[in-house]
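**Student:** Sending over a structure as structure tokens; questions will come in a sec.
Any read-out appearing in this document is the output of simple, stated calculations on the displayed coordinates, not a laboratory observation. Quantities reported herein were computed from a predicted structural model and do not represent experimental measurements. A quick note on method: Cβ atoms are made from the backbone with ideal geometry, for glycine too, and the neighbour counts reach across all protein chains shown.
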Amino acid sequence: MSGIPPAAPLPSLDAMISRLRLKQLRLLSVLADHGSLIKAADQLSITQPGASKALAEVEAALGATLFVRTNKGLAPTDIGHLVIRYARLIQTDIGHLREEMQGMLEGHGGRLALGVIMGAVPLLSDALTRLLELRPALSVEIVEDTSARLLRLLEQGRLDVAICRTSISQQPQLYDSVDIHDETLAVIANVAHPLADRSSLELEDLAASRWVVYSANMPMRLSLEREFHQAGLRFPLQLLETTSAFTTLSLLQKNPRIVALVSTEVAAFCTRFGMTCVLPLRLRSRSEPYQLVTRHGSSLSPAATLFMREFPAYEARMPDVDTDAAARP
């Protein structure tokens, strides 16, 4: 069920921005919850004619029908569902804005949104632990995902900083980045893996194993594919693809024959607590370095600046930044 005829032109972005109001977006959220103009108007403390007029105005501003009448009340159209999702995101962002303002007015706190690829989680954790000693009231959101997804979130302004790689992007000029860590790789498995007691292994010994890997075209996955190619082996077809460290560990715990390719930092963390073992396989390929990435030209909050300065490679590029000033609330 579409809310706009296929040939109808949409209003320009400037036109949408100039006509939309936050109260209208709030109405869409409440209307989606209740399916009734009367109930929505009551919750928002406005009249039903006022709610009806506001809905008509937002539909005119967007050039689309957002709700249709059914025997159960008002139901969102396909475009209506899309607009409601973004309306709720905008309300969430306003909530985050208020949270950060409140923290600044109280002389502490603030909010930081960080992205990280799985292999760099220990690196981020170390830097964040040090930062929280300086800003104990700081509120932090951490998103673990692929580089491609994290870069999109940076573009949308939903992350302040990400530890990932810009090489996967077709528009690396959209980002400012600095190499902060050379990644090396290891193969881990359940401590009960049949080959765990071997003193050395060749890739051929694991060629028939089921591997936990990143999705296609990700740097770590490409490194493993190169290893198989250089060894003259066929790359495994039965793969388990995930970006989650927890999922990787869970799979290894459930099946002693599964192996996973991870960064040496993740491997060290897992083996330290007896969750896995590192198989004695020497990998020749090196993955690409981790990068500290921000949107090109974006201004950084004091908290984001402090976080980035926890990395020596970034610190070396920013000799003129007043760290004492950045640390002050």
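**Student:** Taking the beta-carbon count within 10 Å as an exposure proxy, list TYR175, TYR214, TYR290 from fewest neighbours to most.
**Tutor:** Fewest-to-most ranking of TYR175, TYR214, TYR290: TYR175, TYR214, TYR290.
**Student:** Can you give the calculated 222 nm mean residue ellipticity of the chain, where each DSSP H run of n ≥ 4 adds -39,500 (n - 2.57) and the sum is split over every residue, rounded to the nearest 500 deg cm²/dmol?
**Tutor:** That comes out to -13000 deg cm²/dmol.
**Student:** Would you mind checking the tilt of helix 22-34 against the longest principal axis of the Cα atoms of the chain, expressed as 0 to 90 degrees and rounded to 10?
**Tutor:** 80
**Student:** I've got another one for you. Once the Cα atoms of helix 78-105 and of the chain are each reduced to a long axis, what angle between those two axes, in degrees from 0 to 90 to the nearest 10, is obtained?
**Tutor:** Helix 78-105 and the main axis of the chain meet at about 80 degrees.
**Student:** Please state the relative contact order of the stretch 89-184 as a whole percent: Cα pairs under 8 Å, 6+ residues apart?
**Tutor:** 28
**Student:** So which residue, out of GLY110, GLY119, GLY50, gets the largest mean-square fluctuation from a GNM of the chain using Cα contacts under 10 Å as springs?
**Tutor:** Of the options given, GLY50 has the highest mean-square fluctuation.
**Student:** Could you work out how much longer the chain between THR92 and ASP33 gets when fully extended? Use 0.36 nm per residue separation minus the Cα distance between them, nm to one decimal.
**Tutor:** Gain in length upon complete extension: 19.6 nm.
**Student:** Now for a separate question. What spacing in nm lies between the two simple spin-label points modelled at ARG286 and LEU20, each 7 Å away from Cα in the Cβ direction?
**Tutor:** 4.6
**Student:** Still on this structure, I have one more. Among THR242, THR264, THR47, whose mean-square fluctuation peaks in a Gaussian network model of the chain (Cα, cutoff 10 Å)?
**Tutor:** Sorting by GNM fluctuation, first place goes to THR47.
**Student:** In degrees from 0 to 90, rounded to the nearest 10, what is the angle of the helix 219-230 Cα long axis to the longest principal axis of the chain?
**Tutor:** For helix 219-230, the angle is close to 40 degrees.
**Student:** Sort TYR314, TYR86 by Cβ crowding within 10 Å, fewest neighbours at the top.
**Tutor:** Placing the least packed residue first, the sequence is TYR86, TYR314.
**Student:** Moving on to the next point. Suppose a student asked you for the relative contact order of the chain, using Cα pairs under 8 Å spaced at least 6 residues apart; what percent would you report?
**Tutor:** 19
**Student:** I want to check the label-to-label distance for THR264 and ARG152. Put each point 7 Å from Cα in the C-beta direction and report it in nm to one decimal.
**Tutor:** Between THR264 and ARG152, the simple spin-label model gives 3.3 nm.
**Student:** Still on this structure, please answer the following. Report the FRET efficiency, 1/(1 + (r/R0)^6), for LYS72 and ILE142, where r is their Cβ-Cβ distance and R0 is 41 Å, rounded to 0.05.
**Tutor:** 0.55
**Student:** Here's another thing I want to ask about it. Rank ILE258, ILE163, ILE90 by mean-square fluctuation in a GNM of the chain with C-alpha springs under 10 angstrom and give only the top-ranked residue.
**Tutor:** ILE90
**Student:** Right, here's the next one. State whether the stretch 171-329 is rounded, prolate or oblate according to the following rule on the C-alpha gyration tensor (a ≥ b ≥ c being the square roots of its eigenvalues): a/c under 1.5 gives rounded; otherwise a/b larger than b/c gives prolate, and the remaining case gives oblate.
**Tutor:** prolate
**Student:** Further, regarding this structure: Note the full-extension length gain between HIS81 and GLU225 as 0.36 nm times their separation in residues minus their Cα-Cα distance, in nm to one decimal.
**Tutor:** Extra length from HIS81 to GLU225 when fully extended: 47.8 nm.
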